[in-house]
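Pasting a structure here, questions to come.
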């Protein structure tokens with residue numbers, strides 16, 4: 001269960017991609033990207049869950065979030081939902097999470 005952490009900040013952008021991208025620092029391809037910067041707990045995880053629901057098993061979602069609670073929430077969400085947290089890395093003031101959809 002995700003603890004209540006606060007309210008959402010104004011507007012976060014969402015970037016949809018239709019083909020795999022490559023990021024040299026993480027060194028992995030992903031299918032879609034979710035920009036959850038500016039969202040506070042539990043919204044980054046809720047948006048990731050919704051986006052993963054539309055993906056095929058094995059597809060990878062890159063989520064970028066700046067909520068400090070995401071460091072705990074994202075790995076917990078992946079373990080509970082049967083997804084794999086493939087990688088996590090700092091990306092400027094935020095953190096990038098690569099999540100492979102289970103299934």
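Look at the range 66-94 and say how many of its residues are crowded, with 20+ Cβ neighbours inside 10 Å and in contact with a strand residue (DSSP E or B) (Cβ under 6 Å, 6 or more places away or on another chain).
Residues in the range 66-94 being crowded, with 20+ Cβ neighbours inside 10 Å and in contact with a strand residue (DSSP E or B) (Cβ under 6 Å, 6 or more places away or on another chain): 3 in total.
Taking residue 2, is it part of a loop (DSSP other than H, G, I, E, B), touching a strand residue (DSSP E or B) at 6+ places or on another chain (Cβ under 9 Å), surrounded by fewer than 20 Cβ atoms within 10 Å (Cβ to Cβ) and at pLDDT below 95?
no
In this structure, does residue 34 turn out to be out of contact with any strand residue (DSSP E or B) (no Cβ under 6 Å at 6 or more places or on another chain), at pLDDT 95 or above and buried (at least 20 other Cβ atoms within 10 Å of the Cβ)?
Judged against the criteria, residue 34 is not a match.
Hey, which of the strands (runs of 3 or more DSSP E) in the range 36-103, taking only ones fully inside, have at least 1 residues that are free of Cβ contacts under 8 Å to residues at least 24 places away in the same chain? Spell out how you get there, then give the answer.
Details: elements: 60-65, 84-91, 94-100.
Passing ranges, in order: 84-91.
Tell me which residues, restricted to the range 50-65, are surrounded by fewer than 19 Cβ atoms within 10 Å (Cβ to Cβ) and under 10 Å from residue 99 (Cα atoms). So that I can check it myself, show each step before the final result.
Of the range 50-65, the ones surrounded by fewer than 19 Cβ atoms within 10 Å (Cβ to Cβ) are 50, 53-59.
Listed by number, the residues that qualify are 58, 59.
The values are calculated or read from the model by the stated rules, or taken from the named source; none is laboratory data. Not measured: the values here are computed from a predicted model. No Cβ is skipped: glycine too gets one built from the backbone with ideal geometry, and neighbour counts run over all protein chains shown.
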